[in-house]
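Worksheet: one structure, shown below.
Values in this text are rule-based calculations from the coordinates and carry no lab data. Not measured: the values here are computed from a predicted model. Note that each Cβ is placed from the backbone with ideal geometry, even for glycine, and that neighbours are counted across all protein chains shown.
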Ligand code: KIV
Ligand code: NA
């Protein structure tokens, strides 16, 4: 089957079919997730934390994300691959945003880019989409503005809800094909999803959005502490730790490698 394309996601919204997105930053997980039926893969700037070990997403650069996005594209044939524009690579204005988005499209083969911000980034979204590059918006809690927002907090409670609604409308009107709603109260996310003509992708936004996204290390149990909205579908940290411990023990004991892992001298074909 061919790759998922943006009209497929618009059709899914019309037909009420929900779809799933996961982050991916490498060849192994990209192939596994696509095989599992994940429709869209996000090469998120969360790679700052999950791949590069930075304390926040602010540090990761375009040059660090591009090779990861290229690997995910090379390793898939069906999933829609979206790449995050990192902090500092688009805020200056539409020209900077378009230049960065163009680099991602040329150098990675991804199908779309994502950037954070609603009303304040409408001009950037419009410039990128005018060049024929699909943009996914990202509003509500936006990790790149963690310091401006005063930490990881739910956005859109009480009087803030009008701001989140305005951001959603601005992103859609600027031409985005979908929008991530992060840490937004469930009822507000549901309402925005009904109002918007484009698909909403929730993370910490309840079940009323058109799609969901999670950081794969969070949902697979590789990160020690995760938000309330994360469900751990596996405990890979435990599984990998046990495997590594067993390997260390067997190497120390001399029980690995066994005869079945060892080449003989005469007439060995390999
Ligand atoms: O970078 C990221 O992983 C994200 C998603 C969690 C939405 O932006
Ligand atoms: Na991100």
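Provide the FRET efficiency to the nearest 0.05 for the residue 149-residue 17 pair, computing r from the beta carbons and using R0 = 35 Å. Efficiency, rounded to the nearest 0.05: 0.60.
Taking Cα centroids, how far is the stretch 70-106 from the stretch 224-245 in Å? Going from one Cα centre to the other spans 29 Å.
Taking the Cα atoms of the stretch 6-235, the ratio Rg/Rh between the radius of gyration and the Kirkwood radius comes to 0.92.
Considering only 57, 193, 226, the Gaussian network model of the chain with Cα springs below 10 Å gives its largest mean-square fluctuation to 226. Relative protection proxy for 176-182, 149-155, 48-54, from highest mean packing down: 176-182, 48-54, 149-155 (other beta-carbon atoms within 10 angstrom).
In terms of the mean number of neighbouring beta-carbon atoms within 10 Å, the peptides 91-98, 107-114 order highest first as 107-114, 91-98. The protection proxy used here, the mean number of other Cβ atoms lying within 10 Å of each residue, ranks peptides 3-10, 250-257 as follows, highest first: 3-10, 250-257.
Okay, helix-only estimate at 222 nm for the chain: each DSSP H run of n ≥ 4 adds -39500 (n - 2.57), divide by all residues, round to 500 deg cm²/dmol; what do you get? Result for the chain: -12000 deg cm²/dmol, rounded to the nearest 500.
Each Cα pair under 8 Å and six or more residues apart adds its sequence gap; the mean of these over the residue count of the chain is a relative contact order of 14 percent. Averaging the inverse of every distinct alpha carbon separation and then flipping it gives the Kirkwood radius. What is it for the stretch 1-99, in angstrom units? Every distinct Cα pair counted, the radius reaches 14.4 Å.
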